[in-house]
Amino acid sequence: GIWRDIELVAFSHVRLTDVEVRQHHQASQPVTLTVHAHAEQISPGDFTVNAQLALDGAPIGESSAALVDGQATIQLTVENPQLWWPNGMGEQPLYGLTVQVVNP
């Protein structure tokens, strides 16, 4: 029988299965975020992946790309990135990233 936790996932059209974010830093320049989204699609249709970046709850960037063969790649630019400092040496700002699949 079942001896470990199981999970049932139900969805009607498409669902995100994985999101990978890579940061590209260059000294004294904007930071580029590359968001790779993977999705499972079980019904036909055109879908778009949206990525929204926020700092302290305030939106600072948004971009989208078409979902093609279950994948989409989105780039976002952070013009003046607030860097994370070690404890006691400065602030630790947290950026929030929301990624979602929509049917336009």
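Residue count for segment 83-104, restricted to those that are touching a strand residue (DSSP E or B) at 6+ places or on another chain (Cβ under 7 Å), of a type outside the set (A, V, I, L, M) and loosely packed, with under 15 Cβ neighbours inside 10 Å: 5. Answer with yes or no whether Arg15 is among the basic types (Lys, Arg) and in contact (Cβ under 8 Å) with a residue 60 or more places away in the chain. So Arg15 fits the description; yes. Taken over segment 35-58, the criterion of being of a type in the set (Val, Ile, Thr) and surrounded by 14 or more Cβ atoms within 10 Å (Cβ to Cβ) is satisfied by Val35, Thr48, Val49. When Ser28, Ser12 are screened for being at positive phi and either exposed (fewer than 10 other Cβ atoms within 10 Å of the Cβ) or of a type in the set (Phe, Trp, Tyr) (or both), only Ser28 passes.
Each value in this text was obtained by applying a stated rule to the coordinates, not by laboratory testing. None of these values were measured; they are calculated from a predicted model. Ideal geometry is used to build each Cβ from the backbone, glycine not excepted, and the neighbour counts take in all protein chains shown.
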